[in-house]
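Peer 1: Sharing a structure here in structure tokens format.
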Amino acid sequence: MGTAVPHHIAIVMDGNGRWATKRYLPRVAGHKKGVDALRACLRHCGERGVKVLTVFAFSSENWNRPPEEVSGLMELLVLALGREVPDLNAEGVRIRFVGDRSALSDKVRAGLLQAEAATAANTRVLFNVCFNYGGRWDIAQAAQQLAARGEAITEQSLDRAMALAYCADPDLLIRTGGEKRISNFLLWQAAYSELYFSDKLWPEFDEAALDEAIADYASRERRFGRTSEQLASSDKKAA
Ligand code: IPE
Ligand code: IPE
Ligand code: MG
């Protein structure tokens, strides 16, 4: 049985667009509401003792959306960062951005750097925001680093070159919005994550919904390739 509270939760925050469309609102209104849900979720993670929260905010493929939605998401990111950084500091949250920054505008890049620098000393919760991130991009950039250094490609060397090498792999991976797919999120790091799918649209995924996911996680048996019997006997030895 896993520990009751996951150390690291990763979330595919899906369903903002549908939330807005159902209300005859523009899709960007759904993304705005999604930021509020994320704020509450991050706070709740801190209260529950989750040490790392990693969210999928913009995928490598999301550039294919209508230009006004893409620019709306970029603006929203800059706005939200400007507004939230003081509160993140007050809550002991360190924010880090994960993804390919080369395609982002100077303004967005500066916003990311500023938020990272302003929260760099915080240690209570680590908050990774995957932005212009793709699991395939991550594996490719790791392999490119090793090739450039002339290093041998092994599981261990690749693992050390992955974008999230500074934290443990996610214990629990949640996707809201009803779809049951990974959409190029943490392909490498989710190898042994427990998966949890919620039909709730992301703006509706509140503290109670997160608690349900954590409770579900607590009931799972994480075997990492071993058998139940082996786990039971190693539990006995540890006790
Ligand atoms: C997820 O919500 C947020 C981003 C991709 C930025 P969507 O915008 O994908 O919402 P749906 O899936 O269209 O409802
Ligand atoms: C995944 O959601 C990306 C983010 C949540 C940022 P999408 O809505 O882009 O995924 P697909 O296209 O439905 O697979
Ligand atoms: Mg979607």
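Peer 1: Taking DSSP loops as anything outside H, G, I, E and B, show the longest stretch in the chain free of chymotrypsin sites (Phe, Trp or Tyr not before Pro) there with at most 13 other beta carbons within 10 Å. Walk me through the numbers on the way to the answer.
Peer 2: Working: sites that count: Y24, Y166, Y192, F224.
Formally, the longest exposed-site-free interval is 25-165.
Peer 1: Tell me which trypsin sites (Lys or Arg not before Pro) from region 64-133 have a DSSP coil assignment and no more than 14 other beta carbons within 10 Å of their own.
Peer 2: Details: sites: R83, R94, R96, R101, K107, R109, R124; in loops: R124.
Here the trypsin sites (Lys or Arg not before Pro) that fit, given the DSSP loop and packing criteria, are R124.
Peer 1: Over 21 Å between Cα atoms: which of K22/K200; K32/K107; K33/K107; K32/K200; K180/K200 fall into that group?
Peer 2: On the way: K22/K200 13 Å; K32/K107 19 Å; K33/K107 23 Å; K32/K200 17 Å; K180/K200 13 Å.
In this structure, K33/K107 exceed 21 Å between Cα atoms.
Peer 1: Please give the length that would be gained between R220 and A152 if that part of the chain were fully extended, namely 0.36 nm times their separation in residues minus their C-alpha to C-alpha distance (nm, one decimal). Could the numbers behind the result be given before it?
Peer 2: On the way: separation 68, 0.36 × 68 = 24.48 nm, distance 3.62 nm.
Going from the current span to full extension adds 20.9 nm.
Peer 1: Next question, about the same structure. Taking H placed 1.01 Å from N in the peptide plane, check which residues at least 5 places from I11 or on another chain put their amide H under 5 Å from its amide H.
Peer 2: T54, V55, F56, I174
Peer 1: A follow-up question, please. Can you compute the modelled spin-label distance between A238 and R23, with each label point 7 Å from Cα toward Cβ, in nm?
Peer 2: About 4.3 nm, to one decimal.
Peer 1: Where in the chain is the longest stretch that carries no GluC sites (Glu not before Pro) classed as loop by DSSP and with at most 14 other Cβ atoms within 10 Å?
Peer 2: Free of exposed loop sites, the longest segment is 1-150.
Peer 1: Between T123 and Q145, what is 0.36 nm times their sequence separation minus the Cα-Cα distance? Round to one decimal in nm. It would help to have the intermediate numbers written out before the result.
Peer 2: On the way: separation 22, 0.36 × 22 = 7.92 nm, distance 2.80 nm.
Net length gain for the segment: 5.1 nm.
Peer 1: Over region 141-239, what per residue volume does the convex hull of the Cα atoms give, in whole Å³?
Peer 2: Details: hull volume 15.5 nm³, N = 99.
Per residue, the Cα convex hull of region 141-239 comes to 156 Å³.
Peer 1: Among S71, H44, L164, flag the residue with its Cα farthest along the positive direction of the charge dipole of region 26-217, charges on Cβ as +1 for Lys/Arg and -1 for Asp/Glu.
Peer 2: The listed residue farthest towards the positive side: S71.
Peer 1: Here is a further query. Just to check, using Stokes-Einstein with a Kirkwood Rh over alpha carbon pairs, what's the diffusion coefficient of region 26-217 at 37 °C and 0.692 mPa s in µm²/s?
Peer 2: Details: Rh = 17.5 Å.
Estimated via Stokes-Einstein, D reaches 187 µm²/s.
No lab work stands behind these numbers, since they all come straight from the coordinates. Everything numeric in this text was worked out from a predicted model, so none of it was measured. Every residue, glycine among them, receives a Cβ derived from its backbone with ideal geometry; neighbour counts consider all protein chains shown.
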